[in-house]
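Okay, so here's the structure we're looking at.
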């Protein structure tokens, strides 16, 4: 064991990484005396520390920092906990402007704590391992810019990322996974496969989908629409902007304004780009008097919304400013809540498994500190979600206080091919908006009642889901959503005519096939198709023309053998239809 105390692995890694961040900060301040300290927390997979420096760190700097960190670790300095009052803490950090800012925000009645090893002492609540010698294996990974507190109006800092583990073997396994993750990076593959692009001319966080990427996204959306209609959803389209009064009623201007774009004034009235679709779906609900017989009402939309994400957090497809949500809202009676949530979960797992995601972690998020609605309503809503999960014999964890301000929720995290977790699906109970908008229905007793409302997004933002999908498959999409499913490759120019016949037959059968009749060598064209991750390549030469057959290869370089066009067509269509 690295430590005598019996921590579980997650807690042990957290302590090791937090301690490694302190050692790194110690070394950086030794090597760069002008550096000012910001924060250095552990993360799920490692740690980082932010520094205010006049010159960015280089890769060479990282190698030198890492080398000196090893010496500090070898000295086995004890991590010592200290407590200070405010005046003492301010004096201790008098030369650290960012630390002073943090100290001044700590409530006056709270003790201020530090951890010290050797001569280095840092503002910190802990916890740590006992000594620097209990950091068995670490690696500095890269450096990036980061705004202080993620705010573009604040100074740009230098953030050094690293990782640390309880053993050298565990570190090496993680580094292998990181290398595979780099190989699958959706930003790199997006460019290599010509799927999408992002441009300074149009603005960060705004995606231009290229034909191949648009084809994949279109297929995903078409599948989403079909499955929702089959599940009893009615699909709508709603505007991209709405009057300020709409967002005042919904509470977005009160609770969400910092994530909304500035108002546009037209005819003396302020309008806002929509950050969410809910108020429009509610407006549709109110277009006529609703009866208990009309419920449940399931309203769905692939609705594009706009959210102001700070420049420091915008990242490829995973964090964008213009996003299309696979959004839906269910209006139902109290007696329908559990069956509707069950239906949402059934549809969730059907969709996710169709895209190749089989492992899930489920969280039940409960009432947060800041919330609206009575305790009774929260209890009813939370119990409904809990009973639904229990009735399915579903394993789940409870995220105490993790609900939305307007209601509890169920979150589904998927695991991708590399074992990384992504929060995808959210099912949220809402008794706030029905009250704010005065939603009603006429019950079987002829009295007026208020419906319950369920928010749900199953794939989340289409942009983010596409980024996850690219990385999950490493760009090698299953045949049913591959933008090009088959590449027909004539060996020589005299085989082009037969290749065109084959291509036309496949296209007319609903298969996305392209003819590569470039004046290039066969091996070059095969290799190019493999790089583009086309599922199947059909090589045609003299023998194939003479026998009306195809030499079939897969993108993994497997030689499938000789098939007739009809045999191959049947094989691919079966694969597409089964979504294997």
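The lone criterion from (1) more than 20 Å from residue 310 (Cα to Cα); (2) in contact with a strand residue (DSSP E or B) (Cβ under 8 Å, 6 or more places away or on another chain) left unmet by residue 133 is number (2). Of the helices (runs of 4 or more DSSP H) lying entirely inside the range 480-548, those containing at least 3 residues that are in the same structural domain as residue 561 (by TED's automatic domain parsing), within 23 Å of residue 571 (Cα to Cα) and more than 36 Å from the chain's Cα centre (by Cα) span 496-508, 542-547. Scanning the range 439-479 for residues that are without any contact (Cβ under 8 Å) to a residue 60 or more places away in the chain and part of a loop (DSSP other than H, G, I, E, B) yields a count of 4. Entry remark, the range 120-144: residues being out of contact with any helix residue (DSSP H, G or I) (no Cβ under 8 Å at 6 or more places or on another chain) and more than 17 Å from residue 43 (Cα to Cα) number 2 in total. With respect to the conditions (1) crowded, with 17+ Cβ neighbours inside 10 Å; (2) touching a strand residue (DSSP E or B) at 6+ places or on another chain (Cβ under 6 Å), residue 443 falls short on a single one, namely (1). For the range 65-100, filtered to residues that are part of a loop (DSSP other than H, G, I, E, B) and without any contact (Cβ under 8 Å) to a residue 60 or more places away in the chain, the residue that is surrounded by the most Cβ atoms within 10 Å (Cβ to Cβ) is 93. Take residue 62 and decide whether it is over 30 Å from residue 259 (Cβ atoms) and in contact (Cβ under 8 Å) with a residue 12 or more places away in the chain. Here the answer is yes, as residue 62 does meet what is asked. Identify the residue in the range 416-429 that is in contact with a strand residue (DSSP E or B) (Cβ under 6 Å, 6 or more places away or on another chain) and in contact (Cβ under 8 Å) with a residue 40 or more places away in the chain and, among all such residues, is nearest to residue 178 (Cα to Cα). Per the criteria, the residue is 421.
On inspection, residue 206 passes the criterion of being in contact with a strand residue (DSSP E or B) (Cβ under 9 Å, 6 or more places away or on another chain), assigned to a loop (DSSP other than H, G, I, E, B), surrounded by 14 or more Cβ atoms within 10 Å (Cβ to Cβ) and outside the structural domain of residue 339 (by TED's automatic domain parsing). Every test in (1) surrounded by fewer than 19 Cβ atoms within 10 Å (Cβ to Cβ); (2) touching a residue at least 60 places away in the same chain (Cβ under 8 Å); (3) assigned to a loop (DSSP other than H, G, I, E, B) is passed by residue 129 save one, and that test is (1). Residues that are within 15 Å of residue 325 (Cα to Cα), assigned by TED's automatic domain parsing to the domain that holds residue 435 and touching a residue at least 24 places away in the same chain (Cβ under 8 Å) number at least 1 in the following helices (runs of 4 or more DSSP H) confined to the range 231-315: 278-285.
The sole residue among 364, 380, 385 that is under 17 Å from residue 457 (Cα atoms) and part of a helix (DSSP H, G or I) is 385.
The values are calculated or read from the model by the stated rules, or taken from the named source; none is laboratory data. Nothing here was measured: the structure is a model prediction, and the numbers come from that model. Glycine also receives a Cβ, built like all others from the backbone with ideal geometry; neighbour counts cover every protein chain displayed.
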